Amino acid sequence: MVAVFNKELLSWYLITLKLKETVDAGLIPTSSQSIESPNQEIQNSSDAIQIAINGDSENPTEGPKSPESEWVISVREKLGLAQKDDVAGTWGKLCIYKVPQYLRDGEDKAYIPNIVSLGPYHHGKKRLRAMDRHKWRAFYQILKRGDQDAKMYLDSIKELEERARDCYEGHITFSSNDFVEMMVLDGCFVLELFRGATEGFMRLGYSRCDPVFAMRGSMHSIQRDMVMLENQIPLFILDRLLGLQFGQPDQKGLVAKLALQFFDPLMPTDEPLTKSERNRMELTLGLTSPFDPLSDSYLHCLHVFRQSLLRTGPRLEPKRWIKRWSHNSRVADKRRTQLIHCVTELKEAGIKFKKRKTDRFWDIKFENGILKIPRLLIHDGTKSLFLNLIAFEQSHLDCGNEITSYVIFMDNLINSQEDVGYLHYCGIIEHWLGSDADVADLFNRLCQEVVFDINNSYLSKLSEKVNRFYNHRWNSWRASLMHNYFSNPWAIISFFAAVVLLLLTSAQTFYGVYGYYRPPS
């Protein structure tokens, strides 16, 4: 009994000690509740100790927050961001895209600016910061000429900030002030280049030996940077900035006209046409007026440049998604698709090549075994130009694939430097590159990773006609005859001499045999 009694005293002592510690810590109220039993007191004391460990006085029965609950909170936050991204109309405003990774593998130089950054994608990169001081110079010259205040430009572009942000892909991390400042500086820089190329930089207040604002030196590299897909500014921003200079903030269309004149050196064709030839061509195509920047709502300078290349452009049937994915219209990787045979093979089948007199480089015709292709000028900026146009067509839903179709068609035509040499001989290709092999390599790499619908190409029907002609055996035989016996005057003379000799030999044999059986009387 003594041992049991001592054990109970020890238990009461421990309970009292823990209660005192709990009360001193302020974890439970010091109420004068009666203790019903030692077991109840032990339970209360254990709960209090558990509360002290967990730090949760509101719900003592719950344990600590588990990592799973934090994970659920993180998932809900991400779903909240997804909900913001899924707002109706957000994706419809997107027009300045980041080049898809499958296109840019191995071709980063064609999509990344070398001298000047425009917009948020490449802003602040170390090697492009040198041009920032010239952007400030351009803004200063605009304010000086118009005796205007910078606040007017900042406040006006501030009104368009949200609309401008929606044009870019992904979340733009710039603060409101930084984004507006970037739009104003980059936009004013672009407009000074546009106006200087048209009006003359000296008239705008720049010196004759200016390192940037002069049509010499690095201007060609700047033009090439400004036509890149990731280096664009929304056209409505440029319209507003130019309108502020002239006191007409709501004017439209003038920037597009200035852009066309500025980017004219990048045109892939320089076919000279007389006025009568141009009028006759426009009449044939059903055009009543030249390209009009006011006739459509353009997104940015690259879009304007593309539309000017196409003018009216080849018109295709509207896209039908059900038909697009049917077995009659398969989507194919360009590397496994042969729209048309190469020049050497087509020549062997009797197809002739001829330069077509038009300044629309995409307007290819096939008539009576003659493939008529407009002249194409290839310079050191052609590769970057075509790649960015293709990237825009691959990214923008409301855009056709005319440039992509043309490039893939030419890629199929050109397999070797011999193909390039023959097209150059026909006057179809003119290039400023090192050799014909460089031109062949350029076309063979342009659409290496492009996936497109071969039946959604404006050249698909023409390719079918060419292939039918190629597959006809008689055409190959006739072409072989022409190549072997009628390729030059001496071959023709030899052929007719052989025919005459064959006829004389046949006649001699006939009369010899005839005289043997019917000797003269």
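Take L238 and tell me if it is of a type outside the set (V, I, T), at pLDDT 95 or above and within 20 Å of the chain's Cα centre (by Cα).
No.
For the range 369-414, name all the residues that are part of a loop (DSSP other than H, G, I, E, B), farther than 17 Å from L310 by Cα and of a type in the set (G, A, S).
Listed by number, the residues that qualify are G369, G381.
Just to verify a result, which residue in the range 386-406, among those that are within 18 Å of Y102 (Cα to Cα) and of a type in the set (F, W, Y), is nearest to the chain's Cα centre (by Cα)?
By that ranking, first place goes to F392.
For the condition under 27 Å from W362 (Cβ atoms), in the same structural domain as F139 (by TED's automatic domain parsing) and assigned to a helix (DSSP H, G or I), what is the one hit in D186, D225, D239?
Answer to the selection: D225.
Of the conditions (1) under 26 Å from A110 (Cα atoms); (2) surrounded by 13 or more Cβ atoms within 10 Å (Cβ to Cβ); (3) out of contact with any Phe, Trp or Tyr (no Cβ under 9 Å at 6 or more places or on another chain), D178 clears all except one; give me its number.
For D178, the exception is condition (1).
Table: residues versus (1) crowded, with 16+ Cβ neighbours inside 10 Å; (2) in the same structural domain as S221 (by TED's automatic domain parsing).
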| position | (1), (2) |
| --- | --- |
| A82 | no, no |
| I96 | yes, no |
| E107 | yes, yes |
| A110 | yes, yes |
| L118 | yes, yes |
| D132 | yes, yes |
| R137 | yes, yes |
| Y140 | no, yes |
| A150 | no, yes |
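Between a residue in the range 339-360 that is on the phi < 0 side of the Ramachandran plot and aromatic (F, W, Y) and any residue that is outside any loop (DSSP other than H, G, I, E, B) and crowded, with 16+ Cβ neighbours inside 10 Å, which pairs come within a Cβ distance under 6 Å, given they are 6 or more apart or on different chains?
Pairs that qualify, where the first residue is on the phi < 0 side of the Ramachandran plot and aromatic (F, W, Y) and the partner is outside any loop (DSSP other than H, G, I, E, B) and crowded, with 16+ Cβ neighbours inside 10 Å, are F353/L371.
Could you please let me know if I157 is buried (at least 17 other Cβ atoms within 10 Å of the Cβ), among the hydrophobic types (A, V, I, L, M, F, W, C) and either at pLDDT below 90 or more than 30 Å from I378 (Cβ to Cβ) (or both)?
yes
Given the criteria modelled with pLDDT under 90, assigned to a loop (DSSP other than H, G, I, E, B) and within 18 Å of A440 (Cα to Cα), does L339 qualify?
When the stated conditions are applied, L339 passes them.
The values are calculated or read from the model by the stated rules, or taken from the named source; none is laboratory data. Note that this is a predicted model, so its numbers are computed, not measured. Don't worry about glycine lacking a Cβ; one is built from the backbone with ideal geometry, like all the others, and counts go over all protein chains shown.
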